[in-house]
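One structure is given below, encoded as structure tokens.
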Amino acid sequence: MPDFNSFNFAGHKVLVRVDFNVPLDANFNITDDTRMRAAVPTIQKIRKDGGSVILMSHLGRPKTGPEDKFSLHHLIPHLSKLLGCQVKFADDCIGEPAVSASSSLKPGDVLLLENLRFHPEETKGTEGFAKQLSSLGDVYVNDAFGTAHRAHASTAVIAQFYPADRKMFGLLMDVEIKNANKVLHQAEKPFTAILGGAKVSDKILIIENLMDRVQYLIIGGGMTYTFLKAQGKEIGASLCEEDKLDVAKEILEKAAKKNMQILLPVDSVIADKFAADAQTKLVDNDQIPSGWMGLDIGEKAIAEFSKVILASKTILWNGPMGVFEMKPFQKGTKSIAEAVAQATKAGAFSLVGGGDSVAAINQFGMEKEVSYVSTGGGAMLEYFEGKELPGIAAINQ
């Protein structure tokens, strides 16, 4: 596989898989352009060399073919501004519109193809569809870490239509893999993983894969209460996966045998309903009354978790500590973000990944205070579960 930085793209038409699956408001304004900005260095390097760029991406989950709300044409004004050039648009990703738009490109031009998922063949990984896409460019670059875990036509199937010296990772994909490997395989100790989110079931594999690697595993968010119930505690109306109580108990037992410390919050901010205007109380986690639910970690938990984070040399954070979108329940997540930022400033390496953690760190304006913020939610999670990602394997073959 060629090195992206040393490859000369002059005279090449370069088909680049990007992840422009960005959130849009009701008026089609982009509310978070992180993923678009992350792709800019790859695009500009190709243009600077004298190559032309053909971008392909998905947006949302259209069910029945083309829908205006999922059209990538909504991204053209902002993308043109980011790149400092007028981006062209093809109203299909295959067929005559795509072929004629790509064949007329001049060096330095950028073309954005319409949403790949307007064709069901994209998610089915149909070979014929991938071959049609491949005909648009003579070099293939995968720079979409966020979709690397999907065996889709544009990520995993298309690479076979390019010779080994004409397919490679872009700058974003390369840096994502390097940072993930730094945490997985070169972590300086003490290594602390912070896992939040709603469900234990979403995190079982990552916990198991990290067990022999981390010294501390901090657990927050809704899945806390499944672990607490597994320990025999009353959790009121808090979120609980009843069918995962045995799994939670098993994880706690395994961790004890491996001398890996699992830290569960000792107290919670509880509420009488799931709403921003709910009544709230701060209680120890063995005193949650019936009908009340835990929606954030409490003061004692913040202090204990922060102490461990500040003593860490490597930190992986995936998932918030509570319902940070609601002001009464955001202190836990914000405090952990502050602790991670402080540890980073003191020399720790910190990687934040997973949609909600990234949204939280952006919301608190602290994205530049950690070592690396991953653009891949599900992809990062699967990478840390130890799975081979189809989008990476396809290039490496």
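Dipole magnitude for region 179-221: about 60 debye, using +1 per Lys or Arg Cβ and -1 per Asp or Glu Cβ, origin at the Cα centre.
Beyond 28 Å in Cα-Cα separation lie the following of the pairs Lys257/Lys334; Lys182/Lys233; Lys45/Lys88; Lys69/Lys203; Lys189/Lys387; Lys258/Lys387: Lys257/Lys334; Lys182/Lys233; Lys69/Lys203.
Within region 177-384, DSSP assigns beta bridges of which about 35% are antiparallel (rounded to the nearest 5). Computing Rg and the Kirkwood Rh from the Cα coordinates of region 13-169 gives a ratio, Rg/Rh, of 0.92.
Taking one quarter of the surface of the convex hull spanned by the alpha-carbon atoms of region 281-397 gives a direction-averaged projected area of 9.1 nm². Listed by chain and number, the aspartates and glutamates placed with their C-alpha closer than 12 angstrom to that of Lys167 are Asp3, Asp138, Asp143; residues fewer than eight positions away on the same chain are left out. Only Lys, Arg, Asp and Glu carry charge here, each on its Cβ (+1 for the first two, -1 for the last two); on that basis region 13-169 has a dipole of about 360 debye about its Cα centre. Looking at the calculated P(r) for region 1-91, what percent of the C-alpha pair distances fall above 19 Å? Of all Cα-Cα pairs in region 1-91, 42 percent lie more than 19 Å apart. For a straight C-alpha distance cut-off of 17 angstrom, the lysines reachable from Lys63 (same-chain residues fewer than eight places away being disregarded) are Lys124. Charge tally for Ser52 (other residues, Cβ to Cβ under 9 Å; Lys, Arg +1; Asp, Glu -1): +2. Ordered from longest to shortest, the equivalent ellipsoid semi-axes for region 177-384 are 26, 20, 15 Å, each the square root of 5 times a Cα gyration tensor eigenvalue. Once both labels are positioned 7 Å from their Cα atoms along Cα-to-Cβ, the gap between Lys249 and Ala275 label points is 3.7 nm.
The overall shape of region 256-345, judged from the alpha-carbon gyration tensor, is oblate: a/c is not under 1.5, and a/b is no greater than b/c.
Taking N as the residue count of the chain, its C-alpha radius of gyration divided by 2.2 N^0.38 Å amounts to 1.06. Overall, the chain carries a charge dipole of about 800 debye about its Cα centre when +1 sits on the Cβ of Lys and Arg and -1 on the Cβ of Asp and Glu, all other atoms neutral.
By DSSP, the beta bridges lying fully in region 198-298 are antiparallel in about 75 percent of cases. When the charge dipole of the chain is built from unit charges on Cβ atoms (+1 for Lys and Arg, -1 for Asp and Glu) and taken about the Cα centre, the candidate among Leu75, Pro97, Val183 whose Cα reaches farthest toward its positive end is Val183. Beta bridges from DSSP with both residues in the chain: antiparallel share about 20 percent, rounded to the nearest 5.
Measuring nothing but alpha carbons in region 161-246 and taking Rh as the Kirkwood radius, the Rg to Rh ratio lands at 1.17. On a 0 to 90 degree scale, rounded to 10, what angle separates helix 34-49 from the longest Cα axis of the chain? Once rounded, one gets 30 degrees.
For region 74-89, the Karplus equation 6.51 cos²θ - 1.76 cosθ + 1.60, evaluated at θ = phi - 60°, returns couplings of 5, 8, 4, x, 6, 5, 4, 5, 4, 8, x, 8, 7, 7, 7, 9 Hz by residue, with Gly and Pro reported as x.
Between Ala360, Gly60, Gln342, the Cα set farthest toward the positive side of the dipole of the chain (charges on each charged residue's Cβ, about the Cα centre) is that of Gln342.
No lab work stands behind these numbers, since they all come straight from the coordinates. Since the structure is predicted, the reported quantities are computational estimates derived from the model, not experimental observations. Please note: Cβ atoms are built from the backbone with ideal geometry, for glycine as well, and neighbour counts cover all protein chains shown.
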